[in-house]
Amino acid sequence: MKNRRLKRYYKLSSCSEYSSNEDTKQDSIYVDFDNRILYITDDITFEIADEVIRSFDKLELSKGPITIKMSSGGGSPEAALAIYDRIQQSKVKVIFIGYGVIMSAALIIMCCCTERNLYENTRLMWHRTSSEFHVHEITIEAMNIEVMEFKYINDVANKIISLHSNMSSDFWSSINNELYFSPEEAKKMGIIDNVICPVKTNVGNNCKPDLKFEKLLKDILTVHNFEKLLKDILTVHNVEKLLKDILTVHNVEKLLKDILTVHNFEKLLKDILTVHNFEKLLKDILTVHKIIIKVTC
């Protein structure tokens with residue numbers, strides 16, 4: 001799971017701007033002990049694995065979830081397996097938040113976390129285990145030993161990914177070349193739990209901001225005697241005609257445009273609020289069981 005091309009793009013300079021004594025500073029990992037967050041932004045190495053393991057040991061001395069924020073193009077599968085084993089051993093909730101790229105060995109770390117989240121524009125990739133020969137003298141016997149080790153690591157990695165997804169080990173092991181996929185595809189595969197949508201733009205087709213709207217609707221629909229309340233609204237004097245007029249107005253598109261551009265919107269509101277008994281109706285709605293509606297992102 002050697003990263004072939006992404007290293008130079010994702011290696012960050014030393015995090016020297018963090019001066020707290022409680023923070024760990026390295027080239028590609030930063031540990032915020034105050035907020036219990038590990039930032040990993042480079043290839044997975046044994047140095048990073050060692051830092052992650054020691055950070056988990058320290059963080060688990062106190063209660064609370066641990067968050068891993070990562071962007072990595074891969075790295076050493078053996079180092080990733082060391083981190084995987086430590087996360088599996090952890091008794092606290094481990095939250096994973098991925099962005100940029102989560103590829104190769106990084107998927108091993110991501111898949112086993114308690115809650116797995118990816119930003120919607122993250123790219124993922126899985127492929128066969130690849131590495132360089134680590135022998136002083138290349139002989140047929142030495143090459144056979146290395147090949148057997150590659151196969152073993154590859155089998156272990158595929159079994160782990162299948163264990164934490166909806167796809168079988170045969171599916172993952174059948175991937176000969178790089179398989180690139182999106183967070184939405186990863187969610188369908190069961191390898192992640194949530195796709196994080198940008199809060200400001202909300203451009204993703206399948207992303208929905210967390211407005212707790214489902215609970216809000218449930219609360220509204222279960223208000224005592226809500227059926228009667230709706231009936232009262234629909235039977236208010238002339239409201240039926242008002243709705244019919246709005247829906248059948250010629251050039252509805254222009255009407256909507258006028259409303260959205262606040263053209264004469266103050267007068268429109270005034271007209272609505274002065275409909276016979278409508279002001280009282282609104283007051284009744286807002287005061288039913290003293291419900292206060294709050295929508296939060």
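The values are calculated or read from the model by the stated rules, or taken from the named source; none is laboratory data. Just so it is clear, the structure is predicted and the values come from calculations on it, not from any experiment. Here the Cβ is made from the backbone with ideal geometry for all residues, glycine too, and neighbour counts use every protein chain on show.
Listed here are the residues, each with its yes/no results for (1) among the β-branched types (Val, Ile, Thr); (2) at pLDDT below 95.
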site: Asn3; (1), (2): no, yes
site: Leu12; (1), (2): no, yes
site: Tyr18; (1), (2): no, yes
site: Glu22; (1), (2): no, yes
site: Asp27; (1), (2): no, yes
site: Arg36; (1), (2): no, no
site: Asp43; (1), (2): no, yes
site: Ile53; (1), (2): yes, no
site: Asp57; (1), (2): no, no
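Considering only residues that are among the β-branched types (Val, Ile, Thr) and at pLDDT 95 or above, look in the range 109-157 and name the one that is nearest to Trp172 (Cα to Cα). Show your work before the answer.
Our first condition is that a residue be among the β-branched types (Val, Ile, Thr); within the range 109-157, this holds for 109, 114, 122, 129, 135, 138-140, 145, 147, 153, 156.
Still in the list and also at pLDDT 95 or above: 109, 114, 122.
Numbers: Ile109: 16, Thr114: 21, Thr122: 20 Å.
It comes out as Ile109.
Looking at the range 30-52 only, could you name the residues that are among the aliphatic types (A, V, I, L, M) and more than 20 Å from Ser104 (Cβ to Cβ)?
Within the range 30-52, Val31, Ile37 qualify.
Filter the range 64-101 down to residues that are more than 28 Å from Glu120 (Cβ to Cβ), under 23 Å from the mean Cα position of the chain (by Cα) and in contact (Cβ under 8 Å) with a residue 12 or more places away in the chain and give me whichever is surrounded by the fewest Cβ atoms within 10 Å (Cβ to Cβ).
Of everything passing the filter in the range 64-101, Lys91 is surrounded by the fewest Cβ atoms within 10 Å (Cβ to Cβ).
Any residue at all in the range 75-93 that is within 23 Å of Lys188 (Cβ to Cβ), touching a strand residue (DSSP E or B) at 6+ places or on another chain (Cβ under 9 Å) and of a type outside the set (Asp, Glu)?
no
Check every one of the strands (runs of 3 or more DSSP E) wholly within the range 55-139 and list those with 3 or more residues that are over 23 Å from Asp34 (Cα atoms).
Working: elements: 66-72, 94-103, 115-119, 123-126.
Fully inside the range 55-139 and qualifying: 94-103, 123-126.
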